[in-house]
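*Asks:* Before anything else, here's the structure in question.
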Amino acid sequence: MSGSKDEGDATATPKQARARAGSGGKAVAEAASETVTSAGGMSGHPDRAAVEAADPARSKSLRQMPSLLQRLALVQGDVDYIQKEKKQGMRYSIVSHDAVTAKVRPLMVKYGVLYYPLNISMAQVGNRTQMQMTVRFVNVDDRHDFIDVETAGYGIDDSDKGPGKAISYSVKYALLKCLGLESGDDPDEDQDTKHVDPGDRHEVAMKDFEAEIAAAATTANLEATLERYRPKIEAAASVNPGRVQLARQRYTAKMRELRGLDKKDA
């Protein structure tokens, strides 16, 4: 292939440029790796002039491909109505995370858009998981062509599903808002589950009750604990029956365990 050394440096890939001993090639490679922040606040976009200097052929090829925004516009044009659904325990219909993913993912794959969460921040407040994150949408043909969507979500759960619910909620709404899709009226959570404030007196009473349940050594101890906490249980039941039901289930399980021990001793 004909051409001067300068032309060879100009058309080299970033990897080839870094391998060159000449200071000119090194400068081109270093320039290609620099990034700038756009006025819109999206960080990570490279200096396009530096990229073109490092690899004009690839830059020309990328310019001929649809940009990320053009690809997202194509997804918007193709995605149709997402049916709301009502699952057991829900008071009304919503657009679920799974329904959104089922509609959107095939189109993202078709048009070459990848999305994923990053910068995740989580806090636990009683039985509610609070999540903040960024969902990044990336052009699969140019990793420097991306947009970041800030989002947040909550997941209320009495066991260990809160973080998963909060992530699903956050990603779902990033997709809905980025693509302009219709949303439901409630987050991805068990809608019969109420948020529990860990400082609430009823929650404190139920935790104390459960601690004494766990410490009971005999059925007589356990029955005495129930009688002692009965007024607090009745008061809590009028405010948060689901929380009281959970405590009662633990009481029942403990009673079965102790009765099994009694039978063995007999």
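The values are calculated or read from the model by the stated rules, or taken from the named source; none is laboratory data. Bear in mind that the values here come from a model prediction, so they are computed numbers and not experimental data. Positions of Cβ are backbone-derived with ideal geometry, glycine not excepted, and every protein chain shown enters the neighbour counts.
*Asks:* Take the residues in the range 152-183 that are free of Cβ contacts under 8 Å to residues at least 24 places away in the same chain and within 11 Å of the chain's Cα centre (by Cα); name whichever of them is nearest to PRO66 (Cα to Cα).
*Replies:* The selected residue is TYR173.
*Asks:* Only one of (1) closer than 24 Å to LEU181 by Cα; (2) in contact with a strand residue (DSSP E or B) (Cβ under 7 Å, 6 or more places away or on another chain); (3) modelled with pLDDT under 90 fails for PHE146. Which number is that?
*Replies:* That leaves (3) as the condition not met.
*Asks:* Across the range 65-94, which residue is modelled with the highest pLDDT among those that are within 25 Å of LEU114 (Cβ to Cβ) and small (Gly, Ala, Ser)?
*Replies:* So the residue we want is ALA73.
*Asks:* Still on this structure, please answer the following. Please give the number of the condition ALA57 fails out of (1) modelled with pLDDT of 85 or more; (2) exposed (fewer than 14 other Cβ atoms within 10 Å of the Cβ).
*Replies:* Looking at each condition in turn, ALA57 falls short on (1).
*Asks:* Mind listing whichever residues of the range 204-228 are over 34 Å from the mean Cα position of the chain (by Cα), of a type in the set (Gly, Ala, Ser) and not in a loop (DSSP other than H, G, I, E, B)?
*Replies:* ALA214, ALA215, ALA220, ALA224
*Asks:* Same structure again: Condition first: surrounded by 16 or more Cβ atoms within 10 Å (Cβ to Cβ) and either aromatic (Phe, Trp, Tyr) or modelled with pLDDT of 90 or more (or both). Now tell me which residues in the range 118-140 satisfy that.
*Replies:* Those that are surrounded by 16 or more Cβ atoms within 10 Å (Cβ to Cβ) and either aromatic (Phe, Trp, Tyr) or modelled with pLDDT of 90 or more (or both): MET133, THR134, VAL135, ARG136, PHE137, VAL138, ASN139.
*Asks:* Do we find that LEU246 is modelled with pLDDT under 90 and either out of contact with any Asp or Glu (no Cβ under 6 Å at 6 or more places or on another chain) or surrounded by fewer than 18 Cβ atoms within 10 Å (Cβ to Cβ) (or both) in this structure?
*Replies:* Values: modelled with pLDDT under 90: yes; either out of contact with any Asp or Glu (no Cβ under 6 Å at 6 or more places or on another chain) or surrounded by fewer than 18 Cβ atoms within 10 Å (Cβ to Cβ) (or both): yes.
The answer is yes for LEU246.
*Asks:* Ok, one more. Across the range 249-266, which residue is surrounded by the fewest Cβ atoms within 10 Å (Cβ to Cβ) among those that are of a type in the set (Gly, Ala, Ser) and at pLDDT below 90?
*Replies:* Only one residue fits best here, namely ALA266.
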